[in-house]
Each structure stands twice: as C-alpha cells, then as structure tokens.
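Participant: Have a look at this one before I ask anything.
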Amino acid sequence: MEDFVRRHTTPAPVPLVPEIVLHTATDVTALWETTGHPEPPFWGFPWAGGQALARHLLDHPDTTAGKRVLDLASGSGLVAIAAATTGARHVTANDIDPLAGAAIALNAHANHVTLDIAVADLLDTDPEVDVVLAGDVCYDRDLTARVLPFLRRAHTRGALVLVGDPQRGHLPRDGFERVATHRVPVPVDLEGAEARTTLVWRATGPSPRTPADPR
C-alpha cells in the first residue's frame, strides 16, 4: 500500500504548516477514481481543518508536549505529526482506511517522527489519552452524530478535546469554545475556493475535574 501512495502523490510542504511535508496528490478526482473507494482519499490532501489544528499545535506546543495524544480520523497524519513535533509523549494516528495508514507511515518517516498507527473504528471505545485531536471530522450529518458522543466522552473523562472545523455546518457550537481562527489555503478543485476560514474549537462543559453544580 505504501507503493500505491508513493505512485500517486508527491512530497510537498503543507500550505499553512510548511514545517511539515506530506505525500500529496495533485488531482483529487483522479486519485479517488484510482482507489475505487466510495469515500474520498482523505489521506491524499491536507484538509482545511487539519491544517488549522496542526498550525495551532505548532504555535502552542505546550498543548501536546509531554502528553498522550490521539488524532482521530487522521487521514494523512498531519495533525498527529504536528503533535509529535511538539514533543508529545505518545501519539496515536487513527483512521479506518488502510491506505491512510500507509500514508501516515510514509509521512511520519518524511518528517522524522514516531507514531503509533491504529487502522480501526474507535468511535465506540474510550482510549486513555490526555488530548484528542479531530481535524475536519464533521463533514456530514451522519458522521457528526457518531463523532460527537466520542468527543464528549473524552472531554468528560478529562481529556483536552480540540476540533479543526472549516464551517461545513454540522458541528454544533453548543459545548465548544473557539480558540483560534485561520484562513487556510485549499485546493480549488477540492473545495471550490482558494481558501477557507477555519476555526479551532475546544470542548467545554462539565468534566470530572470541573464538576457540575447538581442544583
């Protein structure tokens, strides 16, 4: 699978995070047709939500330095690589697509970082981590309905939960606080625009460390 990724991508710096290099495709439609998968090849491009979240981590390295980190729906591994670059104690990059797993391995090697790669659906699990990162995971209603309970459970257990969202309209504002805004360069053929205003949100609300008033 790594050979497939190499054949259809070229290493290139990420527009908003040029410190990181990713194996990137130049034509999303052609790559999608080549994979034969019903879902787009999320691993082949630096999506807006991931770029904003990665930028936030590199600008605020204490967010993940020394922490156990999970990057949910990692795609290319961009956000996981950013977390590892800040000195996170342990980083798991998770995706359900085996091709994403291959791309993450190549991209981690290209950026000289070490990651654990979990190719599995983790949304019904409760990993023991300090930080959960999710870039561009709320791109449709059905997936958002599955992702939100996972994120809220992680927050309730005391994890810091950060979401990168290019305002696709499915992430509810209730229970989240905006911590950063970025204008992110994106491929026109992918997004229909040259840039998207993308927000980084932090999950808020009661957790075991800040108990709710029972009244």
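Quick note: the coordinates plus some simple rules give every number you see, no bench work behind them. Since this is a predicted model, take the numbers as computed values, not measurements. All Cβ positions, glycine included, derive from the backbone under ideal geometry; neighbour counts span all protein chains shown.
Participant: About the Cα centre, and with charges only on the beta carbon of Lys, Arg (+1) and Asp, Glu (-1), how big is the dipole of the chain? Nearest 20 debye, please.
Facilitator: Numbers: 19 positive and 27 negative charges, 155 e Å.
Dipole about the Cα centre, nearest 20: 740 debye.
Participant: What does the helix-only formula give at 222 nm for the chain: each DSSP H stretch with n ≥ 4 adding -39500 (n - 2.57), the total divided by the residues, and the result rounded to the nearest 500 deg cm²/dmol?
Facilitator: Numbers: 7 runs with 68 residues, N = 215.
Here the helix-only value at 222 nm equals -9000 deg cm²/dmol.
Participant: So for each of 48-54, 178-184, 64-70, 90-96 I average, over its residues, the number of other beta carbons within 10 Å; can you give me the resulting order with the highest mean first?
Facilitator: Going from most to least packed, we get 48-54, 90-96, 64-70, 178-184.
Participant: Which whole-number percent is the relative contact order of segment 109-215 (Cα, under 8 Å, 6+ apart)?
Facilitator: Details: 146 pairs, mean separation 26.5, N = 107.
Value for segment 109-215: 25 percent.
Participant: Only helices at least 27 Å long along their own axis, judged from Cα atoms, and with Kyte-Doolittle mean hydropathy of 0.0 or greater: name those in the chain from DSSP H.
Facilitator: Working: long enough: none.
Within the chain not a single helix satisfies the rule.
Participant: Another question, then. Over the alpha carbons of segment 133-197, what is the largest minus smallest coordinate on each principal axis, giving the biggest first in Å?
Facilitator: Largest to smallest, the principal-axis extents are 39, 25, 18 Å.
Participant: May I pose another question? When the Cα centres of segment 78-100 and segment 132-147 are compared, how far apart do they sit, in Å?
Facilitator: Segment 78-100 and segment 132-147 have Cα centres spaced 17 Å from each other.
Participant: Kirkwood Rh, Cα Rg: Rg to Rh for the chain? Could you put the intermediate results ahead of the total?
Facilitator: Working: Rg = 16.3 Å, Rh = 17.1 Å.
With Rg and the Kirkwood Rh in hand, the quotient comes to 0.95.
Participant: I've got another one for you. Show me 134-140, 3-9, 80-86, 30-36 ranked by packing, highest mean number of other Cβ atoms within 10 Å first. Please report the intermediate quantities before stating the final value.
Facilitator: Details: 134-140: 23.9, 3-9: 15.6, 80-86: 27.3, 30-36: 13.4.
In decreasing order of mean packing, 134-140, 3-9, 80-86, 30-36 become 80-86, 134-140, 3-9, 30-36.
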